[in-house]
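Student: Below is a structure I'd like to ask you about.
The values are calculated or read from the model by the stated rules, or taken from the named source; none is laboratory data. It should be emphasised that the depicted structure is a prediction, and the values quoted were computed from it without experimental measurement. Positions of Cβ are generated from backbone atoms using ideal geometry, with glycine treated the same way; all protein chains shown enter the neighbour counts.
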Amino acid sequence: MAIEQSEPLQRILRGLTAGTDPGRLLHQALSAAVQAARGNLGLLLGLVDGVGTPLASTGTVPPLLTEVADAAIASGRLARRSSRDGRRTAVAECLRVGNRIVGALAVAGSPSTLDPGCSRRPRRSSGRERGSAR
């Protein structure tokens, strides 16, 4: 399984050494991250003159994805956000070169697959046991 997950990274590294277009490599890296995280949308945001600038995306970028990427950059830490209806969750991690934050990688998807640990909340009891008589 580890070999399967590292194949996209190996392909990207081979592309770097072969002189492949950097934009294409960024898109491949983002697509691999989205797949590994079991998401369905991704955004790679770079800081250009202090402003978050989209460098690659896997489709139309919803505001949730931009918000979580900006939050990761601002905090310097992993950030999580959920859509208001709870149907989509997004996570982002800031990207660093040394101690300097240079951008963020954000992935969005279903809460049950992207971030399963956060979607499992204990059920509240209704006060009645199933099948009990009144």
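Student: Looking at the stretch 59-78, can you tell me whether even one residue there is more than 20 Å from Glu7 (Cα to Cα), in contact with a helix residue (DSSP H, G or I) (Cβ under 7 Å, 6 or more places away or on another chain) and part of a strand (DSSP E or B)?
Tutor: The answer is no; no qualifying residue exists.
Student: Output the residues belonging to the stretch 14-43 that are modelled with pLDDT under 85 and surrounded by 14 or more Cβ atoms within 10 Å (Cβ to Cβ).
Tutor: Within the stretch 14-43, Gly15, Thr20, Leu25 meet the criteria.
Student: If you don't mind, there's one more thing I want to ask. Among Gly50, Gly46, which is surrounded by fewer than 19 Cβ atoms within 10 Å (Cβ to Cβ), touching a strand residue (DSSP E or B) at 6+ places or on another chain (Cβ under 9 Å) and farther than 22 Å from Arg88 by Cα?
Tutor: On inspection, the qualifying residue turns out to be Gly46.
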